[in-house]
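The values are calculated or read from the model by the stated rules, or taken from the named source; none is laboratory data. In this text the structure is predicted, and so the values were computed from the model without any measurement. Positions of Cβ are generated from backbone atoms using ideal geometry, with glycine treated the same way; all protein chains shown enter the neighbour counts.
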Amino acid sequence: MSGALALPWTGARRGERVAFVLLLALVGLLALVPIARLAQEAIAPHGVFDPAVFAGVLESPTVWRAARNTIVVAIGGTALSLALGTSFALLVTLTDIRAKKALVFSFMMPLMIAPQVTALAWINLLGPNSTLLRAVGLAPAPGSPHPLYGAAGIALLLGIEQAPVVFLAVRAGLRALPRDLVEAAQASGARPWRIVGTIVLPLAMPSVAAGAMLAFVGCIGNFGIPAFLGIPAGFTVLVTLIYQRLAGFGTGVLSEVAALSLLLALIALGGLLLNGWLGRRKDVRVAALATAAPAWSLGRARPIAEGVCWFALFFVLALPFAALAATALVPAIGVALGPKTATLANFHFVLFDYAATRRAFLNSASLAAGAAVVLVMLSVPLGYSLAGRPPGVRQVVGFVAELPYALPGVVLAIAMILCLLRPLPIVGFSLYSTIWIILVAYLSRFLLLALRPVTNALRQIDPSLDEAARMSGARFARRVATVIMPMIAPSAVAGGMLVFMMAFNELTVSALLWSAGSETVGVVLFSLEQAGDAVSAAAVAVIAVLVTLALMLIANAFASRTARGVLPWQP
Amino acid sequence: MAALTIEGVAKRFGAVAALDDVSLTVADGEFVAVLGPSGCGKSTLLRVIAGFERPERGSVSFGERIVSNGALHVAPEDRQIGMVFQSYALWPHMTVAENIGYPLRVRKLAARDVGREVDAALAAVGLTGYAERRPAQLSGGQRQRVALARCLAMKARIVLLDEPLANLDVHLRARMLAEIAAFRELSKATLIYVTHDQAEALGVADRVAVMSGGRIRQVAPPAALYRTPQDGVVSRFVGPGAVARGQVTQTFANGHSTVALFGREWEVRSAPGQTAGDVEVCIRPEDLAIVGEGRGFAARVARVLYQGGRSVVEASPAADPETTLSLSVDSGTATGIGRTVHLALVDGWVIPE
């Protein structure tokens, strides 16, 4: 017997088959159609195959330079995230290091905090205008270039941001490691280091490689970091090139940016397919007995390991955000932070006085809440009716739902513009340049975040609980409402909170889709920084961090009732 | 009238035939056990009756009403039959009372009536006072009683039980088996009980259907199944004993035959119309007796299993060392391993075909 809920095609009533087809059509519309439209625009702009635009894009030296930059920073970021994520995963899963919960929570923070906020924090930490460094007299000379601008800085921050992705993948692999294989090595007389090198890492290699691929795709698609650290230095990657082209020339260059996006999507897709292939290879090993990994005693090295971890977290997490907070608390750049100068005026300004930021908080909160509610309501029936389908159907739907999340956000944004620029059929008006196009794009981009916790939770439910409800006479809608929903509610809500968190902090998609009146928090942060209003930008960023942190802590409150693996920062 | 009629049902999973031309008729109020080793298709048969699996061929009817055939398949939620799952399938977010009342609420019974039915069902299974508990606060035996109460409250005419004792401790099983029998008295429902444990099947059912390889081998009351198995598979699977090869030399009108076995001739039971020739003979432990030298056949004792007052002796006839016979003897008379005993066949059964 498989662990999945049994809902065979044949046992299903007609009504729920119709519901399933409608749900599938909706997923197709949200996820597949825009990307297909993008591919069509890139290689067949007028409905007939015409490689001229795509070929023209490939001939441009600017594009080649951006593509090379993209791959260089992505490789640098991936290498760093691999080193950080793998060693942290080994430390947390295999040793008796203390305060694992707090360590994992802190380590996951860079992934949960928006990349543009992280970038801004680091800019505030290390730049000539650093309030913090000035206080201790270490700031670079005024007018000197920012040390983080350019490839190295971008790769550093990408590596820190993607390290949690590698950590999650490697930890999953280590947890699936059959314990007896490790014990057999111990019985053979091997010391821990040797076991890690000869048994643990070789067996976990598919997970490590899968984590690396995910990190690579994440690095390629990141907008916030290269936008803040690359654009001011004239260092262009594909994502920022697409943004600049579209922002500079408007929708007239859609075919060209579609071709650029396709190029970007193909690089990312290569990574994704490789990841899927590695994931399938990994499954063979997961089939073995699930185990509790051994907890090796670090002995006298434990305080040292803990010290290194906490010092690293202090440096990459606490210091930049302290710098950010310091900037948000001074009345103007250049003013030293002290008891007399500290002020909350910047917060007051961005929350109440300045119309654009006030509107942005409202917009982002509404968009995030709307996306979370709609996606949770969609995911529960979708996940439930998927649970009983043949594995092939589940895999295809899972892959389709993953596309808009895994592909770079600019690709999705361009695809959405292509789909929604012209007036919609039937209703007769265009969603473009309204806030609704952002909502549609969020529904597409974050569907996976809502769906995955639901399918995870459903997989952990005994199928006979659903069958017993059917024997009691309960139909599809009733079973969802009275049996399935109450059991998976904590996981579904946690998924909704993930959606809210990601959507609230989102920049990549909205940077291309916003219009006057529909700014998001990410967009105003970007505009304020570009306009040189560093103190207001810092205040907006601090609020965004506090919202994220608060949501993570709230989600933690019912973490014990969610399915395992729903909240990524849970140990 | 038959409560349940299954005719020529077939179901494949990939290349495996889970059900292969299965037919079974169950009378109203009857208790039928479906017995077979794991993978024999018994669970699939239960899921076909429940409606979770759709048969590829054949039909299923409840009374006069066809619920599955080539053209039609009534969904499980519209079949109005009860089911006790191996895991009991109690919803963890509902109280005991809510679990039991769920089928009634689904059928839009008034809240007052639901309460009354739930109380009656709880009283019937001896769980009055447990209404507000959660399933997690109950013991295994109590959970099974709640699952039974749920079937009782919904007044299901057919109740399917899927290995309901498999998750219980050994010492609880006998008690729960008695409760299932009491449930049957109370509900007057038709019961289909799937199990791989022959003691459960033979102990409580009116009739037992033995399945193997996706086919029903024999359907008969427990005693008939034990005394007159219709083929070698049933004979080996149900009850202790051995199957030995011999020849029917003579048949009698009274349902007896003479068989040549282990170098002598014996009179044993056989089906009417049994013809002479090579046959298999089912020999139960009580069909054998230890006799003096010269009156039986010699056999070498291979194992002695002490079981308190009596011991099981396993012995191989000198004339057919491949066969292992077993018989039960008083522990005081049990002999040692490697010794030779002389055995006589006082009864036996010629397996038809």
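Might you check whether a residue that is at negative phi, free of Cβ contacts under 8 Å to residues at least 24 places away in the same chain and small (Gly, Ala, Ser) occurs anywhere in region A:103-125? No, because not a single residue in region A:103-125 is at negative phi, free of Cβ contacts under 8 Å to residues at least 24 places away in the same chain and small (Gly, Ala, Ser). Counting only strands (runs of 3 or more DSSP E) that sit completely within region B:261-326, those holding 2 or more residues that are within 13 Å of B:Val243 (Cα to Cα) and in contact with an Asp or Glu (Cβ under 9 Å, 6 or more places away or on another chain) correspond to B:277-283. Among the numbered conditions (1) at pLDDT 90 or above; (2) within 14 Å of chain B (Cβ to nearest Cβ), the only one that A:Ile461 does not meet is (1).
Within the group B:Pro92, B:Pro55, which residue is touching a residue at least 24 places away in the same chain (Cβ under 8 Å), farther than 30 Å from B:Arg215 by Cα and in a loop (DSSP other than H, G, I, E, B)? Write out each step before concluding.
Values: B:Pro55 fails: farther than 30 Å from B:Arg215 by Cα.
Testing whether each residue is touching a residue at least 24 places away in the same chain (Cβ under 8 Å), farther than 30 Å from B:Arg215 by Cα and in a loop (DSSP other than H, G, I, E, B) leaves just B:Pro92.
B:Gly246 meets the stated requirement of being touching a strand residue (DSSP E or B) at 6+ places or on another chain (Cβ under 9 Å) and buried (at least 19 other Cβ atoms within 10 Å of the Cβ).
Where residues in region B:95-106 are touching a residue at least 40 places away in the same chain (Cβ under 8 Å) and either assigned to a loop (DSSP other than H, G, I, E, B) or out of contact with any strand residue (DSSP E or B) (no Cβ under 9 Å at 6 or more places or on another chain) (or both), which of them is farthest from the other protein chains (Cβ to nearest Cβ)? Ranking the candidates gives B:Val96 first. For A:Ala99, the conditions (1) surrounded by fewer than 21 Cβ atoms within 10 Å (Cβ to Cβ); (2) without any contact (Cβ under 8 Å) to a residue 60 or more places away in the chain; (3) over 23 Å from A:Pro408 (Cα atoms) all hold with the exception of (2).
Within region A:209-217, does at least one residue satisfy the condition of being touching a Phe, Trp or Tyr at 6+ places or on another chain (Cβ under 8 Å), crowded, with 24+ Cβ neighbours inside 10 Å and part of a helix (DSSP H, G or I)? Looking for residues that are touching a Phe, Trp or Tyr at 6+ places or on another chain (Cβ under 8 Å), crowded, with 24+ Cβ neighbours inside 10 Å and part of a helix (DSSP H, G or I), one finds at least one in region A:209-217, hence yes.
Regarding B:Val84, is this residue of a type in the set (A, V, I, L, M), crowded, with 21+ Cβ neighbours inside 10 Å, in contact with a Lys or Arg (Cβ under 6 Å, 6 or more places away or on another chain) and within 29 Å of B:Ile66 (Cβ to Cβ)?
Numbers: of a type in the set (A, V, I, L, M): yes; crowded, with 21+ Cβ neighbours inside 10 Å: yes; in contact with a Lys or Arg (Cβ under 6 Å, 6 or more places away or on another chain): no; within 29 Å of B:Ile66 (Cβ to Cβ): yes.
Criteria not met by B:Val84.
The listed residues are A:Trp277, A:Trp193, and the only one of them that is over 20 Å from A:Val400 (Cα atoms), of a type in the set (Phe, Trp, Tyr) and assigned to a helix (DSSP H, G or I) turns out to be A:Trp193. Inspection of region A:178-185 finds a residue satisfying the criterion of being surrounded by fewer than 24 Cβ atoms within 10 Å (Cβ to Cβ), in contact (Cβ under 8 Å) with a residue 24 or more places away in the chain and of a type in the set (Asp, Glu).
Only one of the numbered conditions (1) assigned to a helix (DSSP H, G or I); (2) β-branched (Val, Ile, Thr); (3) more than 14 Å from chain A (Cβ to nearest Cβ) is violated by B:Thr128, and that is (1).
Would you mind stating whether A:Arg194 is surrounded by fewer than 22 Cβ atoms within 10 Å (Cβ to Cβ) and closer than 23 Å to A:Val524 by Cβ?
Here the answer is no, as A:Arg194 does not meet what is asked.
In this structure, is A:Arg14 at negative phi, within 14 Å of chain B (Cβ to nearest Cβ) and either at pLDDT 80 or above or surrounded by fewer than 17 Cβ atoms within 10 Å (Cβ to Cβ) (or both)? Even if it seems obvious, please write down each step before you answer.
On the way: at negative phi: yes; within 14 Å of chain B (Cβ to nearest Cβ): yes; either at pLDDT 80 or above or surrounded by fewer than 17 Cβ atoms within 10 Å (Cβ to Cβ) (or both): yes.
Against the criterion (at negative phi, within 14 Å of chain B (Cβ to nearest Cβ) and either at pLDDT 80 or above or surrounded by fewer than 17 Cβ atoms within 10 Å (Cβ to Cβ) (or both)), A:Arg14 qualifies.
Criterion applied to B:Ala178, B:Ala199, B:Ala136, B:Ala156 was being outside any helix (DSSP H, G or I) and modelled with pLDDT under 90, and the one residue passing it is B:Ala156. One residue stands out among those in region B:139-153 that are of a type in the set (S, T, N, Q) and in a helix (DSSP H, G or I): the one that is farthest from the other protein chains (Cβ to nearest Cβ), which is B:Gln142.
Inside region B:318-347, residues that are closer than 29 Å to B:Arg217 by Cβ and out of contact with any Phe, Trp or Tyr (no Cβ under 7 Å at 6 or more places or on another chain) make up a count of 10. Out of A:Val440, A:Val454, A:Val410, A:Val396, which single residue is in contact (Cβ under 8 Å) with a residue 60 or more places away in the chain, surrounded by fewer than 22 Cβ atoms within 10 Å (Cβ to Cβ) and not in a loop (DSSP other than H, G, I, E, B)? Going through A:Val440, A:Val454, A:Val410, A:Val396 in turn, just one is in contact (Cβ under 8 Å) with a residue 60 or more places away in the chain, surrounded by fewer than 22 Cβ atoms within 10 Å (Cβ to Cβ) and not in a loop (DSSP other than H, G, I, E, B): A:Val440.
When the residues of region B:44-89 are filtered to those that are farther than 13 Å from A:Met471 by Cβ and within 8 Å of chain A (Cβ to nearest Cβ), the one that is farthest from the chain's Cα centre (by Cα) is B:His73. Quick check, is A:Ser207 closer than 26 Å to A:Ala265 by Cβ, small (Gly, Ala, Ser) and touching a residue at least 12 places away in the same chain (Cβ under 8 Å)? Yes: the conditions hold for A:Ser207. Filtering region A:464-518 to residues that are outside any helix (DSSP H, G or I) and either surrounded by fewer than 24 Cβ atoms within 10 Å (Cβ to Cβ) or more than 14 Å from every other protein chain (Cβ to nearest Cβ) (or both) leaves A:Gly473, A:Ala474, A:Arg475, A:Asn505, A:Glu506, A:Leu507, A:Trp514, A:Ser515, A:Ala516, A:Gly517, A:Ser518. Within region A:358-365, the presence of a residue that is surrounded by fewer than 18 Cβ atoms within 10 Å (Cβ to Cβ), in a helix (DSSP H, G or I) and among the aromatic types (Phe, Trp, Tyr) is excluded. Checked against (1) of a type outside the set (Ser, Thr, Tyr); (2) away from every other protein chain (no Cβ under 14 Å); (3) more than 13 Å from B:Leu148 (Cβ to Cβ); (4) under 30 Å from the mean Cα position of the chain (by Cα), B:Asp119 passes all but condition (4). Here B:Val208 meets each of (1) within 14 Å of chain A (Cβ to nearest Cβ); (2) crowded, with 23+ Cβ neighbours inside 10 Å with one exception, condition (1).
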